[in-house]
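No value in this document is a laboratory result; all are computed from the given coordinates. Quick caveat, the model's predicted, so the values are computed rather than measured. Using ideal geometry, Cβ is built from the backbone for each residue, glycine included, and neighbour counts are taken over all protein chains shown.
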């Protein structure tokens with residue numbers, strides 16, 4: 001089963017071109033850098049569609065209820081990121097596997 005999953009996941013790396021993709025133990029993380037918040041939001045939205053399209057093509061499914069976002073900027077305001085049919089509000093910290101990353105890039 002793991003080999004089959006890895007074969008399906010390998011396709012996604014060719015599709016994600018504007019953002020960075022990190023994959024570990026079935027968790028996928030997209031990150032993007034831009035000069036404006038809007039540029040980052042547009043990049044992540046576009047790459048999300050590519051990733052979900054790949055999942056659908058390979059008969060897999062994304063779980064938007066587990067999506068998280070953190071925006072690293074000087075401002076303290078939250079950011080709404082429209083991702084497909086979902087909206088993800090940025091948080092002050094996110095959990096990646098057993099690591100908590102906060103907006104100051106402290107890793108706990």
For the range 1-36 and the range 37-83, what is the separation of their Cα centres, given in Å? 12 Å
Protection-proxy order for peptides 40-53, 62-75, each taking the mean of Cβ atoms within 10 Å per residue, highest first: 40-53, 62-75
Cα axis of helix 2-15 to longest principal axis of the chain: angle in degrees, 0 to 90, nearest 10? 60 degrees
Restricting the count to DSSP beta bridges whose residues both fall in the chain, what percent are antiparallel, rounded to a multiple of 5? 100 percent
Of the candidate values (i) 14.5; (ii) 15.6; (iii) 14.8, the one computed for Kirkwood radius over Cα pairs in Å from this structure is (iii)
The chain: calculated mean residue ellipticity at 222 nm from DSSP helix runs of at least 4, using -39500 (n - 2.57): -11000 deg cm²/dmol
Compute the acute angle (0 to 90°) between the alpha-carbon long axis of helix 37-57 and the principal axis of greatest extent of the alpha-carbon atoms of the chain; round to the nearest 10°. 20 degrees
